[in-house]
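Take this structure, written in structure tokens, and hold onto it; I'll ask about it next.
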Amino acid sequence: MSDTRTSAEAVPDFELPNVAAGPDPFALSAAAADPDADAVVLLFQRDYHCGNCRTQVQAIADRYDEFAALNATVVSVLPEPVDRARSWQESYDLPFPLLADPDADVSDAYDQPVRFGVLGSLHDLVGRMPVAMVLDVRSGEPVVAYAYEGRLPADRPETDDLLAEVRALRDD
């Protein structure tokens, strides 16, 4: 049901407040400049109330050591204010960056789909769809190696699928 694509498309840099592990603020350019980094996995969430989003970050957290062993950093982007992102962190104690994107500027810059026109743009829970990306950062300039655009709220890649994409990137 999803739209899966691979390309070597460059992505915009961004800096957002981070309420979890890692630097605050988090800057993609800094993560890409890490000489030990091979990949950044970006998870664009729907909103604070999204149960599927909450389940996804918990599943990734449970297996984060596998991402770390592959020199991949997972970053979750929540289109919410810092206090709401902090509430997630207090609930889940995520071992990876959890970024607050209160105006959804970064989510929009990365073309996170929004359904239902104006209504969807006013209410993320109704309109914003999940997106997962694996960025190749081995050159220091992040480019999209894999993107998964959910067409429904629950439509998102499994943890095993994301790990397989990171492994495939490393095998190139």
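The values are calculated or read from the model by the stated rules, or taken from the named source; none is laboratory data. The model shown is predicted, which means the values in this text are computed figures rather than measured ones. Positions of Cβ are generated from backbone atoms using ideal geometry, with glycine treated the same way; all protein chains shown enter the neighbour counts.
Scan the range 88-107 for residues that are surrounded by 15 or more Cβ atoms within 10 Å (Cβ to Cβ) and not aromatic (Phe, Trp, Tyr) and jot them down.
The first filter runs over the range 88-107 and keeps only residues surrounded by 15 or more Cβ atoms within 10 Å (Cβ to Cβ), leaving 88-89, 92, 94-102, 104, 106-107.
Of everything in the range 88-107, those that are surrounded by 15 or more Cβ atoms within 10 Å (Cβ to Cβ) and not aromatic (Phe, Trp, Tyr) turn out to be GLN89, LEU94, PRO95, PRO97, LEU98, LEU99, ALA100, ASP101, PRO102, ALA104, VAL106, SER107.
May I pose another question? Could you list, in sequence order, all residues of the range 137-172 that are assigned to a helix (DSSP H, G or I) and among the β-branched types (Val, Ile, Thr)?
Step one: filter the range 137-172 for residues assigned to a helix (DSSP H, G or I), giving 159-171.
The answer is THR159, VAL166.
Moving on. May I ask you to list pairs of residues, at least six apart or on different chains, whose Cβ atoms are under 7 Å apart, with the first in the range 65-77 being farther than 25 Å from GLU15 by Cβ and the second being part of a helix (DSSP H, G or I)?
GLU66/LEU163
Let me ask another. Pull up the range 59-93, narrow it to residues that are assigned to a loop (DSSP other than H, G, I, E, B) and over 13 Å from the mean Cα position of the chain (by Cα), then point me to the one that is nearest to ALA31 (Cα to Cα). Give the derivation first.
Here is the first cut: in the range 59-93, the ones assigned to a loop (DSSP other than H, G, I, E, B) are 63, 70-71, 79-81, 93.
If we keep only those that are over 13 Å from the mean Cα position of the chain (by Cα) as well, we get 63, 70-71, 80-81, 93.
Working: ARG63: 20, LEU70: 15, ASN71: 11, GLU80: 22, PRO81: 22, ASP93: 21 Å.
Among residues in the range 59-93 that are assigned to a loop (DSSP other than H, G, I, E, B) and over 13 Å from the mean Cα position of the chain (by Cα), the one nearest to ALA31 (Cα to Cα) is ASN71.
Just need a number here: residues in the range 29-66 that are closer than 26 Å to ASP155 by Cβ and surrounded by fewer than 22 Cβ atoms within 10 Å (Cβ to Cβ). Break it down stepwise before answering.
Of the range 29-66, the ones closer than 26 Å to ASP155 by Cβ are 39-64, 66.
If we keep only those that are surrounded by fewer than 22 Cβ atoms within 10 Å (Cβ to Cβ) as well, we get 47-52, 54-55, 58-59, 61-64, 66.
Total meeting the criteria: 15.
On to the next question. Kindly evaluate ASP36 against the criterion of being charged (D, E, K, R) and at pLDDT 95 or above.
no
Which one of these does PHE44 not meet: (1) touching a residue at least 60 places away in the same chain (Cβ under 8 Å); (2) more than 27 Å from GLU141 (Cβ to Cβ); (3) of a type in the set (A, V, I, L, M, F, W, C)?
(2)
Still on this structure, I have one more. Which of the following residues is more than 20 Å from ALA164 (Cβ to Cβ) and touching a strand residue (DSSP E or B) at 6+ places or on another chain (Cβ under 6 Å): VAL77, VAL57?
Details: VAL57 fails: more than 20 Å from ALA164 (Cβ to Cβ).
Going through VAL77, VAL57 in turn, the sole match is VAL77.
Please work out if PHE96 is modelled with pLDDT of 90 or more, aromatic (Phe, Trp, Tyr), under 14 Å from the mean Cα position of the chain (by Cα) and part of a helix (DSSP H, G or I).
Details: modelled with pLDDT of 90 or more: yes; aromatic (Phe, Trp, Tyr): yes; under 14 Å from the mean Cα position of the chain (by Cα): yes; part of a helix (DSSP H, G or I): no.
It is false that PHE96 is modelled with pLDDT of 90 or more, aromatic (Phe, Trp, Tyr), under 14 Å from the mean Cα position of the chain (by Cα) and part of a helix (DSSP H, G or I).
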